[in-house]
Amino acid sequence: MLSTAHRYFLQVVRYGSVKNAAVSLHVAPSAVSRQIAKLEHQCGAALFERRPQGMVLTGAGELLASHARRMAIDTEQAMREIRNLHRAELTTIRIGSNEAVARNLLPAIVGGFRQDGPDAEFQVHVASPGVVAQKVRDGGLDVGLAFSLHPGGARVRHEIASPLRAIMAPHHPLAALSSITIGDLRPHPVGLTDSGFTARLLFDHFAEGEGQHIRLTYSSNSSSVIRALVEAGDAVTLAGELPLADALAAGTLVARPMALPAFEARYLQVLAGSGLPDTTERFVQRLARELDATAARMARQPR
């Protein structure tokens, strides 16, 4: 088991400051500082360089961080195996995804899984793709659903193509076009979620390239806010079709392809570690099948 000092140390490594680590741990910064000082005394070496921009690991700190991460993963693995021995105990499945997937895709999949018999509890953590992937790697999540611009990866158990489309209300002027260029967006308000998401990364890259300089009118950390603006007809957004399957099928939103190959090369990945409890492993397999089925249904829909 990780000691308190090691847990606090890893949080400082993750957040880059004592203050932010203390917020995440719900303790006073002085408590974190004491634990770091205790570790440095035990090691006989400084673990961090205290810089104006934050805490930076020394060579000794890098070694300890690597050891502590392995210890955390081993501890989590051991705890999973212990929990798995107690079949009468509920299996808790910790899932991470962005807001749109968590709201529009997960409820039916999770509900169907439970109706078919497995007695499980679910915890859903909403975060950006990078945070979801990191938490799966660290053992903080059992399963992750994350969009990526690169196929494959160490923790990828399944993936499907999920190209970015221009999404708008059916009465929007751009809905009359068969495909959308970045330049086509210039006269119209564009709404996107905050930085760290694949749609925003591609938009920021191409909107500033080739002299486009397209302004982002709406930005929010909530995809629900952006969707409401789009459905009201006041904005266009960039998103995958899978999380919007119901709205696209009902005709309340329409999707148009972007006339740039980079927007096609995006994937929805199912991330998971090894050694999962049987119930969690069955859920991962069910999740992959359901995503494939949803993608197949959408492919059959008339455009």
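Here are some notes:
- Considered as a group, the residues in segment 224-244 that are over 19 Å from the mean Cα position of the chain (by Cα) and hydrophobic (A, V, I, L, M, F, W, C) include one that is surrounded by the fewest Cβ atoms within 10 Å (Cβ to Cβ), and that residue is Ala232.
- In segment 59-74, the qualifying residues are those that are free of Cβ contacts under 8 Å to residues at least 60 places away in the same chain and either basic (Lys, Arg) or surrounded by fewer than 12 Cβ atoms within 10 Å (Cβ to Cβ) (or both), and the one that is farthest from Leu276 (Cα to Cα) is Gly59.
- Test: Ala175 is within 28 Å of the chain's Cα centre (by Cα), open to solvent by less than 50 Å² (accessible area, probe 1.4 Å) and of a type outside the set (Phe, Trp, Tyr): no
- Residue match in segment 290-300 (condition: part of a loop (DSSP other than H, G, I, E, B), within 20 Å of the chain's Cα centre (by Cα), in contact (Cβ under 8 Å) with a residue 60 or more places away in the chain and surrounded by fewer than 18 Cβ atoms within 10 Å (Cβ to Cβ)): no
- Of all residues in segment 117-168, those satisfying the criterion of being of a type in the set (Asp, Glu) and either surrounded by 23 or more Cβ atoms within 10 Å (Cβ to Cβ) or within 27 Å of Tyr15 (Cα to Cα) (or both) are Asp138, Asp142.
For (1) loosely packed, with under 15 Cβ neighbours inside 10 Å; (2) among the polar types (S, T, N, Q), each residue gets a yes or a no:
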{"residue": "Ala21", "(1), (2)": "no, no"}
{"residue": "Ala37", "(1), (2)": "yes, no"}
{"residue": "Gln42", "(1), (2)": "yes, yes"}
{"residue": "Arg50", "(1), (2)": "yes, no"}
{"residue": "Leu57", "(1), (2)": "no, no"}
{"residue": "Glu76", "(1), (2)": "no, no"}
{"residue": "Thr91", "(1), (2)": "no, yes"}
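- Options Ala46, Ala60, Ala22, Ala100; residue that is in contact with a Cys (Cβ under 8 Å, 6 or more places away or on another chain), at pLDDT 90 or above and small (Gly, Ala, Ser): Ala60
The values are calculated or read from the model by the stated rules, or taken from the named source; none is laboratory data. Note that the structure is predicted; figures quoted are calculated from it, not measured. Methodologically, a virtual Cβ is constructed for each residue, glycine included, from the backbone with ideal geometry; neighbour enumeration extends over all protein chains shown. Protein only, heavy atoms only, side chains kept; ligands, DNA and RNA dropped before computing areas. Shrake-Rupley method; radii C 1.70, N 1.55, O 1.52, S 1.80 Å.
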